[in-house]
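Please read the structure below before turning to the comments.
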Amino acid sequence: MQLREVALGASKNIAPVMNLLVQEALSFASYFTSKSAGREIVKALHNKGWAPKRIMWNMFGCGVGAVATQGQALAQVVDFYLRPENDEHLKDLKNLATVNTSEADDLILGYILEAGRVDTWVAGVLRQKTSVPNEHDKSVALSEGDIVFLNLARAMQDPQVFPNPEEVNPRRPKTDYIVFGNGFHESIGEQIDRIALPTMFKEILKLRNLRRAPGSQGQLKKLKKDKMDDDTIYVSQHAKLWPFPSSMLVFYD
């Protein structure tokens with residue numbers, strides 16, 4: 001309850017600022033300023049008939065969710081490429097971070113998506129069977145109303161979609177990935193994440209002599225949940241189960 005009260009107080013301070021940003025994006029003057037992804041999103045939603053207040057609160061919600069999900073994804077990406085077996089990929093990433101071209105940024109995004117595919121961020125989604133099987137749906141016996149767990153982690157290891165799935169290949173087609181979920185449960189901020197994650201990762205890659213802290217402090221501690229063995233829960237620095245990464249320390253010079 002205390003955390004909720006603090007969050008509510010913070011939202012009351014941030015909401016007026018968000019409202020001003022939305023109003024600025026919709027103003028006549030914005031057409032003479034440089035384009036940005038944020039302004040274009042606001043204008044597109046407004047063109048669909050959304051009121052400024054509705055736009056503001058929806059973007060506010062996306063921003064709140066992004067803090068947690070982007071932080072979780074980025075921590076796992078850093079952990080993945082700091083592993084000894086990925087040293088060559090880390091060298092390539094550090095070089096790409098200094099290039100500042102769209103081609104280099106696209107490869108960095110490819111590396112991020114590969115980390116999410118191999119060391120998945122999302123185990124899967126739940127679905128309820130709402131109709132009887134059709135003639136092409138005979139591999140699994142399902143009844144109407146059954147709950148099904150769709151294992152996205154295993155799907156991203158399908159060699160028919162990802163040849164040599166155990167290998168990291170940043171040049172795979174971007175449309176093949178489902179690391180942001182799929183269907184109804186697909187992340188509403190996926191297009192934002194595809195820009196934000198490479199931007200943040202580049203700044204980390206530029207840190208000189210980036211490395212793990214010695215011993216267990218430099219390890220990202222996590223466990224596999226029961227039953228859904230591809231789902232992950234993290235262990236905090238205080239040895240408590242926690243939904244987000246909080247245990248890995250890194251050093252740089």
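Here's the yes/no breakdown for (1) at pLDDT 85 or above; (2) closer than 30 Å to A213 by Cβ; (3) surrounded by 15 or more Cβ atoms within 10 Å (Cβ to Cβ); (4) acidic (D, E):
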| site | (1), (2), (3), (4) |
| --- | --- |
| D105 | yes, yes, yes, yes |
| G116 | yes, yes, yes, no |
| S139 | no, no, no, no |
| F149 | no, no, no, no |
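Test N19 against the stated conditions and say whether it is closer than 15 Å to N58 by Cβ and either at pLDDT below 85 or part of a helix (DSSP H, G or I) (or both). Explain how you work it out, then say what you get.
Details: closer than 15 Å to N58 by Cβ: yes; either at pLDDT below 85 or part of a helix (DSSP H, G or I) (or both): yes.
Considered against the rule, which asks whether it is closer than 15 Å to N58 by Cβ and either at pLDDT below 85 or part of a helix (DSSP H, G or I) (or both), N19 comes out as yes.
Can you find even one residue in segment 40-48 that is at pLDDT below 85 and either under 20 Å from the mean Cα position of the chain (by Cα) or within 30 Å of F251 (Cα to Cα) (or both)? Let's see the steps before the verdict.
Taking segment 40-48 first, the residues at pLDDT below 85 are 40-41.
Still in the list and also either under 20 Å from the mean Cα position of the chain (by Cα) or within 30 Å of F251 (Cα to Cα) (or both): 41.
Yes, because at least one residue in segment 40-48 is at pLDDT below 85 and either under 20 Å from the mean Cα position of the chain (by Cα) or within 30 Å of F251 (Cα to Cα) (or both).
Test D105 against the criterion of being in contact with a Pro (Cβ under 6 Å, 6 or more places away or on another chain) and not basic (K, R), and give yes or no. Before the answer, list the steps.
Values: in contact with a Pro (Cβ under 6 Å, 6 or more places away or on another chain): yes; not basic (K, R): yes.
Spelling it out, D105 is indeed in contact with a Pro (Cβ under 6 Å, 6 or more places away or on another chain) and not basic (K, R).
For segment 220-253: of the residues being charged (D, E, K, R) and outside any loop (DSSP other than H, G, I, E, B), which is modelled with the highest pLDDT? First the steps, then the outcome.
If we filter segment 220-253 for residues that are charged (D, E, K, R), which is where we start, we get 221-222, 224-227, 229-231, 240, 253.
Then keep just the ones that are outside any loop (DSSP other than H, G, I, E, B); that gives 222, 224.
Values: K222: 82, K224: 70.
Filtering first and then ranking leaves K222.
Give, as residue ranges, the helices (runs of 4 or more DSSP H) completely inside segment 54-170 that count at least 2 residues that are without any contact (Cβ under 8 Å) to a residue 24 or more places away in the chain and more than 19 Å from the chain's Cα centre (by Cα).
87-96, 102-118
Looking at D87, D79, D92 in this structure, which one is modelled with pLDDT of 80 or more, out of contact with any Leu (no Cβ under 9 Å at 6 or more places or on another chain) and among the acidic types (D, E)? Can you show your working first?
Details: D79 fails: out of contact with any Leu (no Cβ under 9 Å at 6 or more places or on another chain); D92 fails: out of contact with any Leu (no Cβ under 9 Å at 6 or more places or on another chain).
Sole residue among the options that is modelled with pLDDT of 80 or more, out of contact with any Leu (no Cβ under 9 Å at 6 or more places or on another chain) and among the acidic types (D, E): D87.
Please tell me if I55 is at pLDDT below 95, farther than 30 Å from G218 by Cβ and surrounded by 19 or more Cβ atoms within 10 Å (Cβ to Cβ). Working first, answer last.
Values: at pLDDT below 95: yes; farther than 30 Å from G218 by Cβ: yes; surrounded by 19 or more Cβ atoms within 10 Å (Cβ to Cβ): yes.
Yes.
The values are calculated or read from the model by the stated rules, or taken from the named source; none is laboratory data. Every value quoted in this text rests on a predicted model; they were computed, and no experiment measured them. Because the Cβ atoms are built from the backbone with ideal geometry, glycine has one as well, and the counts that use them run over all protein chains shown.
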